[in-house]
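Written out below as structure tokens is the structure these notes cover.
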Protein chains: 2
Amino acid sequence: MDDDAFTDAERAAVYRCIESRRDVRREFLPDAIPEAVVARLLAAGHAAPSVGFLQPWNFILVRQAETKAALHAAFAHANAEAAALFESARADLYRTLKLEGLLEAPLLLCVTCERGRAGPVVLGRTHQSEVDVYSTVCAVQNIWLAARAENLGVGWVSILSLDDLRAILGIPEHILPVALLCIGRVSHFAGTPDLERAGWRARLPLEELVFAERFGAPWRDEP
Amino acid sequence: MDDDAFTDAERAAVYRCIESRRDVRREFLPDAIPEAVVARLLAAGHAAPSVGFLQPWNFILVRQAETKAALHAAFAHANAEAAALFESARADLYRTLKLEGLLEAPLLLCVTCERGRAGPVVLGRTHQSEVDVYSTVCAVQNIWLAARAENLGVGWVSILSLDDLRAILGIPEHILPVALLCIGRVSHFAGTPDLERAGWRARLPLEELVFAERFGAPWRDEP
């Protein structure tokens with residue numbers, strides 16, 4: 001156990017990373033990311049847990065301007081559709097928000113899941129069919145935190161159709177696109193989430209989200 | 001930027017955490033986890049990114065022996081079904097694997113997703129319907145990494161039916177169970193994943209999983 005143990009300073013660094021990670025949309029700088037840093041981010045993703053050790057992910061690095069422009073056009077189309085789904089005041093607020101950095105970020109990264117990578121029967125997926133996709137999301141979060149530790153911002157862009165994403169990046173039918181990330185150096189990391197500062201939604205009190213033994217049973221009342 | 005910057009030592013701690021995190025099933029020790037540590041793990045989960053700042057998660061802490069026993073019985077039932085799905089030699093190997101620590105770990109944690117928490121229309125979920133579930137998985141991975149930094153092991157148990165999980169933990173229909181985690185101090189952290197050491201599956205070469213600009217286009221050939 002002793003050889004394995006994290007020091008207080010290491011633990012503090014991990015918590016600082018978790019707490020100061022942000023979903024970045026507006027603070028990207030154009031500086032290229034060194035290849036060695038990109039390789040470390042990808043290795044962090046590849047170190048994620050995966051059900052049945054499936055490692056179902058692929059990583060598509062996007063740096064060309066025309067690919068970014070096509071993704072941005074797909075976003076703009078979807079974003080206009082999305083704004084129209086909200087009520088009037090909410091729609092007005094929605095339209096003021098910057099929700100992606102596809103053109104500004106020097107690097108985009110699409111993370112996908114190959115669900116058939118080891119055949120139809122996967123250890124650990126037999127009774128919960130979605131867990132291979134969840135493994136892929138764990139890889140995304142690893143990359144997001146590694147990027148923060150590299151002083152790089154990441155923004156996850158989900159406002160575009162998966163059909164458009166497939167068409168632009170040539171993703172075959174049997175591969176599920178899971179995340180499209182904008183990655184780059186930033187002018188600064190905001191202290192709080194953009195949507196919290198914009199008044200879109202408030203931070204929920206954690207203690208109201210925690211239960212003991214059964215869903216709905218208060219945490220702090222437990223013996 | 002300077003105030004935000006991670007030092008080399010902080011960055012190394014984050015990478016060490018990502019690399020040395022394990023899916024733990026057999027090394028749990030019975031020591032209780034201090035409440036302050038549990039609170040830090042939950043805060044790490046609550047610091048995860050969420051689409052539309054939805055924060056769709058709840059956390060159910062399970063410590064009672066009868067609840068653990070019920071979960072273990074549901075696992076045992078599902079695990080016997082699962083073993084029968086593999087071919088003969090594979091099934092024999094499957095039956096030798098220890099795939100959960102539900103009775104040994106001092107703390108179990110179920111992480112759930114309330115998909116309707118902010119009504120039907122959620123910023124960022126309009127064109128990709130699953131991203132609120134993905135947010136919940138990001139919370140799981142935050143907890144997993146925070147636990148590693150606290151020198152606690154975590155194992156994700158997915159070999160039980162969601163219906164059984166719902167029934168045992170009283171999870172209502174409109175709430176999606178995402179993860180059941182075993183958490184506790186461990187005798188040691190293994191150097192490699194259990195399933196790799198057992199010969200179940202090999203580590204895939206990362207460079208074969210990375211593409212440039214389009215799915216399938218080799219990474220290292222890019223200009």
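Close amide H pairs (under 5 Å, H built 1.01 Å from N) link B:Val186 with B:Leu29, B:Gly153, residues at least 5 positions away or on another chain.
Is there a quick way to get the dipole size of chain A? I mean about its Cα centre, with the Cβ of Lys and Arg at +1 and of Asp and Glu at -1; what is the value in debye to the nearest 20?
Numbers: 23 positive and 30 negative charges, 101 e Å.
Dipole magnitude for chain A comes out near 480 debye.
Measuring nothing but how far apart in sequence close Cα pairs (under 8 Å, 6+ apart) lie, relative to its length, chain B scores a relative contact order of 32 percent. Loop sites by DSSP among the GluC sites (Glu not before Pro) of chain B, restricted to those with at most 10 other Cβ atoms within 10 angstrom, leave B:1-86 as the longest stretch without any of them. The charge dipole of the protein assembly as shown, taken about the Cα centre with unit charges on the Cβ atoms of Lys, Arg (+1) and Asp, Glu (-1), comes to about 200 debye, rounded to the nearest 20.
Here the Debye sum runs over all C-alpha atoms of the protein assembly as shown as equal scatterers in vacuum, and log10 of I(q)/I(0) at q = 0.06, 0.10 Å⁻¹ comes out as -0.23, -0.68.
Is the stretch A:1-61 best put as rounded, prolate or oblate by its Cα gyration tensor, with a ≥ b ≥ c the root eigenvalues, rounded for a/c under 1.5, and otherwise prolate when a/b is larger than b/c, oblate when not? Since a/c reaches 1.5 but b/c is at least a/b, the shape of the stretch A:1-61 is classed as oblate. Amide H to amide H, with H built 1.01 Å from N, A:Ala179 comes under 5 Å of A:Val111, counting only residues 5 or more places away or on other chains. Summarising the label geometry, the points placed 7 Å from Cα in the beta-carbon direction at A:Ala73 and B:Ala36 lie 5.8 nm from one another.
Using the alpha carbon gyration tensor of the stretch B:70-138, what are the three equivalent-ellipsoid semi-axes (square root of 5 times each eigenvalue), largest first, in whole Å?
Whole-Å semi-axes of the equivalent ellipsoid: 35, 18, 10.
For B:Lys68, the lysines whose Cα falls under 17 Å of its own Cα, not counting residues fewer than eight places away in the same chain, are B:Lys98. Ordered from highest to lowest accessible area with the whole protein assembly present and a 1.4 Å probe, B:Leu93, A:Leu71 read as B:Leu93, A:Leu71.
Dipole size of the stretch A:2-121 about its Cα centre, with +1 on Lys/Arg Cβ and -1 on Asp/Glu Cβ: approximately 400 debye, rounded to the nearest 20. With n ≥ 4 as the cut-off for DSSP H runs, can you work out [θ] at 222 nm for the protein assembly as shown, using -39500 (n - 2.57) per run divided by the number of residues, rounded to the nearest 500? Helix contribution divided over all residues of the protein assembly as shown: -11500 deg cm²/dmol.
Computed from phi, the 3J(HN,Hα) profile of the stretch B:118-125 under the Karplus parametrisation 6.51, -1.76, 1.60 (θ = phi - 60°) reads 10, x, x, 9, 10, 3, x, 9 Hz, with x in place of Gly and Pro. Per-residue mean of foreign Cβ neighbours for A:52-60 is 6 (Cβ atoms of other chains, 10 Å radius).
Protein-only accessible surface at a 1.4 angstrom probe places the residues A:Asp132, A:Asp23 in the order A:Asp23, A:Asp132, largest first. Quick one: net charge of B:Leu195's neighbours, Cβ under 12 Å, K/R +1, D/E -1? Taking every Cβ under 12 Å from that of B:Leu195, the sum is +3.
Where in chain B are the DSSP H helices whose C-alpha atoms run 20 Å or more along the long axis and whose mean Kyte hydropathy is at least -1.0?
Working: long enough: B:65-83 (26 Å, 0.16); B:131-149 (27 Å, 0.85).
For chain B, where a helix must reach 20 Å along its axis and average at least -1.0, the hits are B:65-83, B:131-149.
The B and A chains share an interface that buries close to 9900 Å² of accessible area, total over both sides, probe 1.4 Å. Taking every Cα-Cα distance in the stretch A:90-223 and sorting them into 5 Å bins starting at zero, the pair-distance distribution P(r) comes out as 2, 8, 12, 14, 15, 16, 14, 11, 6, 2, 0, 0 percent.
Two-decimal Rg/Rh of the stretch B:32-174 from alpha-carbon positions, Kirkwood Rh? That ratio is 1.01, to two decimals.
Which one of B:Ser88, B:Ser135, B:Ser20 has the biggest mean-square fluctuation once chain B is modelled by GNM with Cα springs under 10 Å? Highest fluctuation among the options: B:Ser88.
The values are calculated or read from the model by the stated rules, or taken from the named source; none is laboratory data. Keep in mind it's a predicted model, so treat the numbers as computed, not measured. We place every Cβ from the backbone using ideal geometry, glycine too, and count neighbours over all the protein chains shown. These accessible areas exclude ligands, DNA and RNA; they are computed on the full protein's heavy atoms, side chains included. Shrake-Rupley method; radii C 1.70, N 1.55, O 1.52, S 1.80 Å.
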